[in-house]
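Below is one structure, written out as structure tokens, with a few remarks after it.
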Amino acid sequence: MTNFHSLKAYLDNEVARIQVPAFIENDPVQFVHNYSCKQDIEIVAFIVATIAWGRRQMILRNAERMLDKLGRSPYDYVMSEGYKRLGTANVHRTFFEQDLAGMLHGFHDILTHYDSMEACLASCFEGRASEITAWDIAPMLRLSYKVDKSALKRINMALRWLVRNEGAVDLGLWTFIKPSQLYIPLDVHVANTARRLGLLRRKSNDRKAVEELTTVLRSFCPEDPVKYDFALFGVGVGEGQT
């Protein structure tokens with residue numbers, strides 16, 4: 001499947017098939033749809049995306065349990081420093097309550113000085129919004145990821161949820177960053193599918209692979225390249241991994 005037009009048509013058809021309300025029911029994005037307050041949504045997007053790896057049913061179960069700890073308003077929980085009462089219990093795989101507490105403490109510091117996380121980024125990148133990427137956002141939001149060469153799949157996923165404003169799945173909450181600036185959330189399945197379709201040559205699933213694949217996807221749709229995350233996820237998905 002090497003012809004540009006036929007491959008683009010194929011992927012566009014997959015996007016149309018998968019990017020529908022029913023997708024939400026079995027995807028971690030469902031949790032950000034449960035809130036209306038901007039700050040709640042931002043907090044939930046980043047903490048749920050942080051545990052979005054492994055079997056999907058486990059992710060959904062553990063995300064629900066994690067959010068139960070934060071009560072009706074994650075924002076109120078953060079600002080009242082509820083995270084100080086968290087212990088050392090496991091949240092999801094190698095992510096523990098002390099890791100969650102560290103993230104929420106960072107959010108508390110940011111939201112003490114800014115109305116929202118988006119406002120923080122807009123202030124830090126005033127006049128240079130077109131330059132911002134997940135690799136810039138991670139340290140600014142005090143997210144403890146290995147930033148340099150990592151694919152940052154989970155942050156790119158949270159950004160897709162917050163920034164994309166097309167279709168029924170993503171929220172389009174943030175306007176400071178444009179959909180055209182987003183990078184593909186690269187997991188093993190998406191990367192392998194992209195290689196089978198001839199969209200990705202690099203063998204490692206790292207930052208360079210994300211940049212290579214996103215560049216190709218931008219040739220298909222410059223204004224919204226990450227919509228193809230739906231297509232690459234949906235093609236041949238089997239065991240419910242994310």
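Determine if the stretch 179-194 includes at least one residue that is assigned to a loop (DSSP other than H, G, I, E, B) and either over 24 Å from Val44 (Cβ atoms) or basic (Lys, Arg) (or both). Give the steps one after another, and end with the answer.
Applying the first criterion (assigned to a loop (DSSP other than H, G, I, E, B)) to the stretch 179-194 yields 182-187.
If we keep only those that are either over 24 Å from Val44 (Cβ atoms) or basic (Lys, Arg) (or both) as well, we get none.
No; the residues of the stretch 179-194 include none that is assigned to a loop (DSSP other than H, G, I, E, B) and either over 24 Å from Val44 (Cβ atoms) or basic (Lys, Arg) (or both).
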For residues that are within 26 Å of Gly82 (Cα to Cα), part of a helix (DSSP H, G or I) and not small (Gly, Ala, Ser), tally how many sit in the stretch 1-54.
-> 18
Phe31 being without any contact (Cβ under 8 Å) to a residue 60 or more places away in the chain and hydrophobic (A, V, I, L, M, F, W, C) = yes
Among the residues of the stretch 86-95, write down those that are within 11 Å of Ile51 (Cα to Cα) and part of a loop (DSSP other than H, G, I, E, B).
-> Arg93, Thr94
Across the stretch 70-98, the tally of residues that are without any contact (Cβ under 8 Å) to a residue 24 or more places away in the chain, among the charged types (D, E, K, R) and closer than 24 Å to Asp27 by Cβ stands at 1
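For residues in the stretch 182-218 being polar (S, T, N, Q) and free of Cβ contacts under 8 Å to residues at least 24 places away in the same chain, which is surrounded by the fewest Cβ atoms within 10 Å (Cβ to Cβ)? Let's see the steps before the verdict.
Our first condition is that a residue be polar (S, T, N, Q); within the stretch 182-218, this holds for 192-193, 204-205, 214-215.
Retained after the next criterion (residues that are free of Cβ contacts under 8 Å to residues at least 24 places away in the same chain): 192, 204, 215.
On the way: Asn192: 15, Ser204: 10, Thr215: 13.
Among them, the one singled out is Ser204.
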Failed item in (1) under 30 Å from Ser219 (Cα atoms); (2) touching a residue at least 12 places away in the same chain (Cβ under 8 Å), with Ala16 passing the rest = (2)
Glu81: passes all of (1) under 30 Å from Asp115 (Cα atoms); (2) surrounded by 15 or more Cβ atoms within 10 Å (Cβ to Cβ) but (2)
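Can you spot a residue in the stretch 154-174 that is among the aromatic types (Phe, Trp, Tyr), in a loop (DSSP other than H, G, I, E, B) and at pLDDT below 95?
No, that holds for no residue.
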Here is a list of conditions, (1) over 30 Å from Leu7 (Cα atoms); (2) exposed (fewer than 15 other Cβ atoms within 10 Å of the Cβ); (3) modelled with pLDDT of 90 or more; (4) not charged (D, E, K, R), and Pro139 meets all of them except one; can you say which number that is?
-> (3)
From the options Gln98, Gln57, residue that is surrounded by 13 or more Cβ atoms within 10 Å (Cβ to Cβ), polar (S, T, N, Q) and either more than 16 Å from the chain's Cα centre (by Cα) or in a helix (DSSP H, G or I) (or both) = Gln98
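The values are calculated or read from the model by the stated rules, or taken from the named source; none is laboratory data. Being a predicted model, the structure only gives us computed values, none of them experimental. Cβ sites come from the backbone with ideal geometry, for glycine too, and all protein chains shown count toward neighbours.
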